[in-house]
Amino acid sequence: MTHRYSLQSAPPKTSKIDYGKELNPEQLRVVTSGGGPTMVLAGPGSGKTRTLTYRVAYLLEQGIDPRRILLVTFTVKAARQMLERVEQIMGHRPENLWGGTFHHIGNVLLRRHADLIRRTPAFGILDKEDSQDLIAACIADLKIPLAKTRLPQANVLGNLFSLSSNTLQPLETLVPEAVPQFADQLPFVQRVSESYRKRKEQGNLLDYDDLLALWLAVLKENPAVRKTYGEQFQYILVDEYQDTNRLQFEIVRSLAEEHRNLLVVGDDAQSIYAFRGAEVENLLRFPEVFPGTSTFRLETNYRSTPEILSLANASIQLNSRQFQKELKSLQSSGPLPAVVPLVDLKQQAAFIAQRVLELRAEGTSLEEIGVLFRARFQAAELELELAKRNIPYVVRGGIRFFEQAHIKDVLAHLRVLANPRDEMAWERILRLQEGIGPAYARRIWEVLSAAPDPLEKARGGGEEAGKLLPARSAAAWGKLRRTLQELRDPQKSDNPAEALATVIQSGYLSTLETRFEDARDRKEDLEQLVNLASSYVSIAKFIEDLTLREPFKGESVRGWEKPDEFLALSTIHQAKGLEWTCVFLIGLTEGQFPHPKSFQDPAEMEEERRLFYVAVTRAKKELYLTYPLTRYSYDKGQVLMRPSQFIQELPEELFELWRVGDDQPFPEDSEHLL
């Protein structure tokens, strides 16, 4: 018979920590709670990390052996911070406390039981790049007829394999649902997957997903092992539980079934990673899966003003599938959030740049200002405006809009039009063609560069270069030549928008789908690039502005006292967990935020609203919600835009409507703007 030790039966201890002094009443109730399944609903800025670390300290002070506590986090940084805080609270380092990310703990346990997964304890771990290289090797070894198939590239396949593993969905179910354009390639996808699995086993290797998938397999297939760790981990604490996927949920459930002392901390209102396989239902169904659950709420917010929280509360309350809670601010009152309609994307960019400069003049450093957006393409116009005004900025968690691979791919065609002797641009567009690698690209360039005009040589006398290539590569070269010939049209040869549209429609969209796992988002980037180019009358000027957009990068900027001071630009997904004194949330138009596909699926619409909620709650003192009233589309002309549903559904008393250039709210006769 297993003895279930619980805090209720623990002998009284003399505590060195004054928990009542260090914690607010909400946090104190969590920290000193008893055992059993416990769910902590922690709103943004409510001190959940502090609560978790004091809970660990409390368990240790109650006499729980550190080896019997498992603290699971989602990032290495979070794990390190929590363990360091526990050490600071306790005044010493608790030896043998189990803490880390899911992957870290999986790595430790699998090395102990390597024989059960047909590995040795010295197995290697593939990073993402290594994994893609191995998948590419599998494709080559299988001799799949790529000329006759439309098989996704290794990085796209790797993403599919990862999603399959983390959602516990077989490929035959996942592929038609997630990437229907590749449904007819399913047999080839499965062959590559099986080859990849065998190659990892033969090479004594695991990838990141294996660290979890095989950990679960060991627990499920070996009852003695499951019982050993179930008994050992008497108290399990999981951070950011709303972000767990099906695989992580099953691991936690297996480990917790012995003692049932499982405490999870999360916020269903901040679950925004469904595209990675995260399931908000893991949190929403927690009381159902673990009967007898004790539920606590952390609703005291230390970050934002009451005005910002009122807007956030009003928005998220419209979600039907959630745990109701209401954030309460401890900060002093501040200005109402500003809703700012603007004429177009240019005026939106100009307003943000100007307001940023004003805020800085008023004493707010650039580091305390964040600009957030739903998708990266929404910041393209802003990046150019910031460069023109010499405002340093950094794109968090990613690369700048114009430095992305797909943007550089299509721009390389324009570079060739502007300068036919641009060797690097030629190499880039050549290597985009199926079957043309570095060696063939070099041979073709040698032929073209010998001519007075390499572009005209490619258009008119390209057969000579084609003879250097095998049949498949020669066909791709012929297709590129036809695109270049089409760009000879006077309406396209010096019209950047028309030239870009031609390049994209000539086959690059198909290239996007096979090369990139986020092809849909990148397609939106390309659409915005064409719209941006439509304001230019020549390709040379367009290329010049893009090339000179960042003269300050990596240098000290004249007039800035702090050379390392940067304005933060970020997608909302990358901004989760961060905060700024002032936040601009841009591009709030219907059809962009929320995303159009969410209108057909209530669950996706609720995730979009959670995304809006996360963005709003990044702001501490000032919040600006901006949207353009018009947007230029190269194929439709000027398009009228409606404000986002998330703005329209807000009570008007919760925000101030701004007219650009006027500090006062809009007069009553301007209500049609909302």
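The values are calculated or read from the model by the stated rules, or taken from the named source; none is laboratory data. Keep in mind that this is a model prediction, so the values were computed, not measured. When we count neighbours, we look across all protein chains shown, and the Cβ atoms used for this are built from the backbone with ideal geometry, even at glycine. All accessible areas refer to the heavy atoms of the entire protein, side chains included, with ligands and DNA or RNA removed. Shrake-Rupley method; radii C 1.70, N 1.55, O 1.52, S 1.80 Å.
What number of residues in region 563-578 are within 14 Å of GLY370 (Cβ to Cβ) and open to solvent by 30 Å² or more (accessible area, probe 1.4 Å)?
6
Quick check on my filter: what residues within region 89-111 are basic (Lys, Arg) and either open to solvent by less than 30 Å² (accessible area, probe 1.4 Å) or under 24 Å from ASN245 (Cβ atoms) (or both)?
Across region 89-111, the qualifying residue is only ARG111.
Can you name the condition, by its number, that ILE647 falls short on among (1) under 22 Å from GLN354 (Cα atoms); (2) touching a residue at least 60 places away in the same chain (Cβ under 8 Å); (3) open to solvent by less than 50 Å² (accessible area, probe 1.4 Å)?
(1)
What residue, among those in region 620-639 that are part of a strand (DSSP E or B) and over 20 Å from LEU382 (Cα atoms), is nearest to the chain's Cα centre (by Cα)?
Restricting to residues being part of a strand (DSSP E or B) and over 20 Å from LEU382 (Cα atoms), the top hit is LYS620.
Looking at (1) touching a residue at least 60 places away in the same chain (Cβ under 8 Å); (2) open to solvent by 10 Å² or more (accessible area, probe 1.4 Å), can you tell me which one GLN600 breaks?
(1)
Collect the residues in region 347-387 that are among the basic types (Lys, Arg) and either crowded, with 19+ Cβ neighbours inside 10 Å or in contact (Cβ under 8 Å) with a residue 60 or more places away in the chain (or both), keeping them in residue-number order. Lay out the reasoning, then the answer.
Of the residues in region 347-387, the ones among the basic types (Lys, Arg) are 355, 360, 374, 376.
Residues satisfying the conditions are ARG355, ARG374, ARG376.
From the list PRO145, PRO121, PRO180, pick out the single residue that is within 23 Å of the chain's Cα centre (by Cα) and surrounded by fewer than 18 Cβ atoms within 10 Å (Cβ to Cβ).
Values: PRO145 fails: within 23 Å of the chain's Cα centre (by Cα); PRO121 fails: within 23 Å of the chain's Cα centre (by Cα).
PRO180 is the lone residue from the list that is within 23 Å of the chain's Cα centre (by Cα) and surrounded by fewer than 18 Cβ atoms within 10 Å (Cβ to Cβ).
Among (1) of a type outside the set (S, T, N, Q); (2) touching a strand residue (DSSP E or B) at 6+ places or on another chain (Cβ under 9 Å); (3) buried (at least 19 other Cβ atoms within 10 Å of the Cβ), which single condition is PRO152 missing?
(2)
When both residues are 6+ apart or on different chains and their Cβ atoms are under 9 Å apart, which pairs have a first residue that lies in region 20-49 and is farther than 20 Å from GLU61 by Cβ and touching a residue at least 40 places away in the same chain (Cβ under 8 Å), and a second that is in a loop (DSSP other than H, G, I, E, B) and among the aliphatic types (A, V, I, L, M)?
Short answer, once both residue conditions are applied: GLY43/LEU327; PRO44/LEU327; GLY45/LEU327; SER46/LEU327.
Between THR581, THR502, which is in a helix (DSSP H, G or I) and either at pLDDT 80 or above or buried (at least 20 other Cβ atoms within 10 Å of the Cβ) (or both)?
THR502
Would you confirm whether or not region 337-346 contains a residue that is without any contact (Cβ under 8 Å) to a residue 24 or more places away in the chain, under 28 Å from PRO651 (Cα atoms) and open to solvent by 30 Å² or more (accessible area, probe 1.4 Å)? Can you show your working first?
Pass one, region 337-346, residues without any contact (Cβ under 8 Å) to a residue 24 or more places away in the chain: none.
No, every residue in region 337-346 fails to be without any contact (Cβ under 8 Å) to a residue 24 or more places away in the chain, under 28 Å from PRO651 (Cα atoms) and open to solvent by 30 Å² or more (accessible area, probe 1.4 Å).
Considering only residues that are in a helix (DSSP H, G or I) and open to solvent by less than 60 Å² (accessible area, probe 1.4 Å), which ones fall in region 522-539?
Result: ARG522, GLU524, ASP525, LEU526, GLN528, LEU529, VAL530, ASN531, LEU532, ALA533, ILE539.
Does region 606-613 contain any residue that is farther than 30 Å from THR502 by Cβ, over 17 Å from the mean Cα position of the chain (by Cα), without any contact (Cβ under 8 Å) to a residue 40 or more places away in the chain and not in a loop (DSSP other than H, G, I, E, B)?
no
Go through the residues of region 350-363 one by one and say whether even a single one is more than 15 Å from ALA568 (Cα to Cα) and touching a strand residue (DSSP E or B) at 6+ places or on another chain (Cβ under 9 Å).
Among the residues of region 350-363, at least one is more than 15 Å from ALA568 (Cα to Cα) and touching a strand residue (DSSP E or B) at 6+ places or on another chain (Cβ under 9 Å), which makes the answer yes.
Do we have any residue at all in region 443-451 that's of a type in the set (Val, Ile, Thr) and surrounded by fewer than 20 Cβ atoms within 10 Å (Cβ to Cβ)?
Yes, region 443-451 has at least one match.
Among the residues in region 222-239, are any open to solvent by less than 10 Å² (accessible area, probe 1.4 Å), out of contact with any Pro (no Cβ under 6 Å at 6 or more places or on another chain), within 18 Å of TYR613 (Cα to Cα) and not aromatic (Phe, Trp, Tyr)?
no
Specify the residue that is surrounded by the most Cβ atoms within 10 Å (Cβ to Cβ); the eligible residues are those in region 268-294 that are in contact with a Ser or Thr (Cβ under 8 Å, 6 or more places away or on another chain) and either among the acidic types (Asp, Glu) or farther than 29 Å from ASP518 by Cα (or both).
In this case the residue turns out to be PHE286.
For residues that are over 21 Å from VAL343 (Cβ atoms) and either open to solvent by less than 10 Å² (accessible area, probe 1.4 Å) or in contact with an Asp or Glu (Cβ under 6 Å, 6 or more places away or on another chain) (or both), tally how many sit in region 621-644.
1
Just need a number here: residues in region 232-245 that are at negative phi, within 19 Å of the chain's Cα centre (by Cα) and in contact (Cβ under 8 Å) with a residue 40 or more places away in the chain.
Number satisfying all stated conditions: 5.
Being touching a residue at least 40 places away in the same chain (Cβ under 8 Å), closer than 18 Å to GLU427 by Cα and in a helix (DSSP H, G or I) narrows it down to one of LEU448, LEU455, LEU480, so name that one.
Testing whether each residue is touching a residue at least 40 places away in the same chain (Cβ under 8 Å), closer than 18 Å to GLU427 by Cα and in a helix (DSSP H, G or I) leaves just LEU480.
Restricting region 461-487 to residues that are of a type in the set (D, E, K, R) and modelled with pLDDT of 85 or more, which is least open to solvent (accessible area, probe 1.4 Å)? Show your work before the answer.
In the first step, residues of region 461-487 are kept if they are of a type in the set (D, E, K, R); the result is 463-464, 467, 472, 479, 481-482, 486.
Restricting the remaining residues to those that are modelled with pLDDT of 85 or more gives 479, 481-482, 486.
Numbers: LYS479: 92, ARG481: 33, ARG482: 142, GLU486: 86 Å².
Across region 461-487, the extreme among qualifying residues is ARG481.
Can you go through ARG389, ARG442, ARG472 and tell me which one is in contact with a helix residue (DSSP H, G or I) (Cβ under 7 Å, 6 or more places away or on another chain) and either among the basic types (Lys, Arg) or at positive phi (or both)?
ARG389
Restricted to region 491-529, and to residues that are among the hydroxyl-bearing types (Ser, Thr, Tyr) and within 25 Å of the chain's Cα centre (by Cα), which residue is nearest to VAL416 (Cα to Cα)? I'd like the intermediate steps shown before the answer.
Let us first name the residues in region 491-529 that are among the hydroxyl-bearing types (Ser, Thr, Tyr), namely 493, 502, 506, 508, 510-511, 514.
Cutting the leftovers down to within 25 Å of the chain's Cα centre (by Cα) gives us 508, 510-511, 514.
Working: TYR508: 16, SER510: 22, THR511: 19, THR514: 24 Å.
Out of the qualifying residues, it is TYR508.
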